[in-house]
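Colleague: Have a look at this one before I ask anything.
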Amino acid sequence: AVACALSVFSALLFGLMPAWRASRIDPQEGLRSGGRSATESRRSGRWRTVLVALEVGLSTVCLAAAGLLLNSFVRLTHLDKGFDAEHVMSVELHLAGTRYPDEAKRSEFLRKVLEAVSPLPGATAVGVSNMLPLAGEGNNNLLIVEGVNVPLFERPIVDMRSVNGDYFHTLEIPLRSGRLFTEEDRKHGVAMVGESLARKLWPGENPLGKRVRFSGDEAPLLDVIGVVGDVRGNGLQKVPQQVIYIPYWYRDNASTSLVIRTGMESAAIASAVRAELRKLDPELPVPQFRTMQDIVSASVAERKFQLSLVLVFAGIALVLASLGIFGVVSYTVAQRRGEMGIRLALGATAGNLKSMVVRQGLVPVAVGLAGGILAGLALGRVMEGVLFGVRAGDPWTLAAVSLVLIGVAAAACYIPAMRVSRADPLTALRYE
């Protein structure tokens with residue numbers, strides 16, 4: 001309804017304006033050959049120039065916004081995520097209800113799942129985690145470092161992820177130092193930390209062998225046995241979280257994700273894994289399998305939608321601007337056909353006429369482009385919250401937008417210029 005109302009209003013507005021101007025023409029002046037006065041012609045020409053400049057300015061703003069979002073999106077998708085999402089399948093397991101009433105039951109079932117899925121053909125590594133990268137935060141908790149006494153509210157808050165040792169192989173998260181979890185670690189408390197957390201807790205020190213605990217002082221101490229690379233766990237645009245990894249059997253997690261790295265087709269490995277899960281528990285609901293690429297795509301879906309929307313608007317604005325420039329230049333050339341004939345008769349070459357038409361047609365384009373760039377700089381500052389790795393006034397983006405607009409405008413001006421350069425001088429002179 002709003003679109004229809006705006007369309008009708010625009011048609012009435014731009015239809016009434018020339019009608020109102022036509023109603024003011026002197027009948028005697030209008031009956032004369034070439035009755036429109038030079039003053040009216042110049043006034044109309046100024047209005048056409050202003051409209052072209054406005055069209056180009058609005059197109060520049062749309063293209064600048066699209067360019068900034070596109071540049072930002074490309075940088076975001078090529079960012080180092082800290083893990084490899086290629087050839088990795090995942091499925092979420094909900095271990096709740098009477099069949100898995102406690103931590104021991106759930107831990108034992110996950111152990112059986114890992115033992116059953118790991119030997120499957122095509123499964124090169126199998127891992128479990130309470131929360132996958134880019135799927136959100138895990139279980140946040142306060143961390144206490146042994147021998148360091150700090151007030152409660154100054155203790156670091158860490159993202160706690162319950163995993164197995166092969167989880168790092170599955171997602172190809174690099175091991176920086178130390179070792180990974182093994183089944184022998186069930187006998188004592190161990191933990192692994194991300195690089196960022198290790199640097200914060202023990203700057204300039206070797207974190208291996210250090211001990212930490214969660215929450216209150218009554219929690220058991222955990223030995224740090226390894227340091228792994230940082231992972232962007234809560235969004236590509238956010239800095240890597242301070243993560244601590246603990247064995248999956250250490251904390252109770254009713255919801256756990258199973259991840260499988262495979263060299264097979266996704267459908268084939270998913271079917272085999274589903275069959276093994278059915279053998280272990282026929283009543284366990286197994287949701288749809290997802291690839292890690294799907295999870296990565298979902299994390300940038302909102303940005304992709306914003307980019308697509310702005311690109312559509314920018315494309316429409318560019319088409320409208322090019323049509324407007326073409327129409328105005330064509331009309332102006334038609335109005336000056338007699339002048340063009342005189343110029344040709346007096347010795348002007350076709351090249352002279354073409355360059356003159358293109359040059360004069362690009363004047364309002366340059367004015368609109370300059371104004372649009374200034375407006376684009378202001379819009380970029382408003383958009384800074386959705387940009388990543390790109391400044392609001394990125395010179396390369398603005399330069400690309402300027403080149404596109406100048407190229408399109410030059411093409412729109414060149415077509416009418418070609419027509420007038422091929423005109424017969426006698427025919428042009430007879431027009432008046």
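The values are calculated or read from the model by the stated rules, or taken from the named source; none is laboratory data. Since the model is a prediction, treat every value here as computed from it, not as a measurement. Ideal geometry is used to build each Cβ from the backbone, glycine not excepted, and the neighbour counts take in all protein chains shown. Areas reflect the complete protein model, heavy atoms only, side chains present, ligands, DNA and RNA absent. Shrake-Rupley method; radii C 1.70, N 1.55, O 1.52, S 1.80 Å.
Colleague: Give the long-range amide H neighbours of N139: residues separated by 5 or more places, or on another chain, with amide H under 5 Å away, using H modelled in the peptide plane at 1.01 Å from N.
Modeller: M160
Colleague: Around V190, which amide H atoms from residues at least 5 apart in sequence, or from another chain, sit under 5 Å from its own amide H, with H modelled in the peptide plane?
Modeller: D223
Colleague: Next up: For the chain, give the magnitude of the charge dipole about the Cα centre (Cβ charges: +1 Lys/Arg, -1 Asp/Glu; no others), in debye to the nearest 20.
Modeller: Using Cβ point charges on Lys, Arg, Asp and Glu, the chain gives about 2380 debye.
Colleague: How big is the accessible area of I342 in square angstrom, nearest 10, if you roll a 1.4 angstrom probe over the protein chains?
Modeller: 90
Colleague: With a cap of 16 neighbouring Cβ atoms within 10 Å, and only residues DSSP puts in a loop, list the GluC sites (Glu not before Pro) found in the stretch 142-246.
Modeller: Values: sites: E146, E154, E172, E183, E184, E195, E205, E218; in loops: E146, E172, E205, E218.
Here the GluC sites (Glu not before Pro) that fit, given the DSSP loop and packing criteria, are E146, E172, E205, E218.
Colleague: Would you please give the FRET efficiency between T124 and L309, computed as 1/(1 + (r/R0)^6) with r the Cβ-Cβ distance and R0 = 35 Å, to the nearest 0.05?
Modeller: The calculated FRET efficiency here is 0.30.
Colleague: How compact and how long is the stretch 354-413, expressed as Rg and Dmax of its alpha-carbon atoms in Å?
Modeller: When restricted to the Cα atoms of the stretch 354-413, Rg and Dmax are 14.0, 46 Å.
Colleague: Continuing with this model, one more query. Taking H as built 1.01 Å from N, whose amide H comes closer than 5 Å to the amide H of G165, not counting residues under 5 places away?
Modeller: F181
Colleague: Any idea how far apart A254 and R176 come out in nm if each label point goes 7 Å out from Cα toward Cβ?
Modeller: According to this spin-label approximation, the distance is 3.5 nm.
Colleague: Leaving out ligands, DNA and RNA, and with a 1.4 Å probe, what % of the accessible surface on the chain is carbon or sulfur?
Modeller: Numbers: 14000 of 22960 Å².
Taking all protein chains in place, the chain shows 61 percent carbon and sulfur surface.
Colleague: What accessible area per residue comes out for the chain, rounded to a whole number of Å², with a 1.4 Å probe?
Modeller: Solvent-accessible surface per residue comes out at 53 Å².
Colleague: Follow-up. For the chain, what is the mean residue ellipticity at 222 nm derived from helices alone (per DSSP H run of n ≥ 4: -39500 (n - 2.57); sum divided by total residues; nearest 500 deg cm²/dmol)?
Modeller: -17500 deg cm²/dmol
Colleague: Treat each spin label as a single point 7 Å out from the Cα along the C-beta direction, and report the A399 to A219 distance in nm.
Modeller: Roughly 5.2 nm, to one decimal.
Colleague: From the phi of every residue in the stretch 147-153, what ³J(HN,Hα) in whole Hz does the Karplus formula 6.51 cos²θ - 1.76 cosθ + 1.60 yield, where θ is phi - 60° and glycine or proline is x?
Modeller: x, 10, 9, 10, x, 4, 7
Colleague: Identify the GluC sites (Glu not before Pro) of the stretch 278-379 meeting these criteria: DSSP loop state and at most 10 other C-beta atoms within 10 Å of the C-beta.
Modeller: Sparse-neighbourhood loop GluC sites (Glu not before Pro): E283.
Colleague: Can you sort L76, L374 by solvent-accessible area, 1.4 Å probe, largest first? Present the calculation step by step, with values, prior to reporting the outcome.
Modeller: Details: L76 0, L374 120 Å².
Correct descending sequence by accessible area is L374, L76.
Colleague: Here is a follow-up. Relative to the Cα centre, what is the charge dipole magnitude of the stretch 192-286, using +1 at the beta carbon of each Lys and Arg, -1 at the beta carbon of each Asp and Glu, and rounding to the nearest 20 debye?
Modeller: Using only the charged Cβ atoms, the result is roughly 240 debye.
Colleague: Something else: Which value in nm describes the separation of the simple spin-label points at S355 and E183, placed 7 Å from the Cα toward the beta carbon?
Modeller: 8.5
Colleague: Antiparallel as a % of all DSSP beta bridges within the chain, to the nearest 5?
Modeller: Details: 30 of 40 bridges.
Once the DSSP bridges in the chain are tallied, antiparallel ones form about 75 percent.
Colleague: At 27 angstrom or more along the helix axis (alpha-carbon based) and mean Kyte-Doolittle of -0.5 or higher, what helices does the chain contain? Whole DSSP H runs only.
Modeller: Within the chain the helices that satisfy the rule are 2-23, 38-77, 301-335, 350-382, 395-421.
Colleague: Say the dipole of the chain comes from +1 at the beta carbon of Lys and Arg and -1 at that of Asp and Glu; which of L16, L353, M292 then lies farthest toward its positive end?
Modeller: Comparing the listed Cα positions along the dipole, L353 ranks first.
Colleague: Could you give the distance between the Cα centres of the stretch 134-212 and the stretch 289-349, to the whole Å?
Modeller: The distance from the Cα centre of the stretch 134-212 to that of the stretch 289-349 comes to 53 Å.
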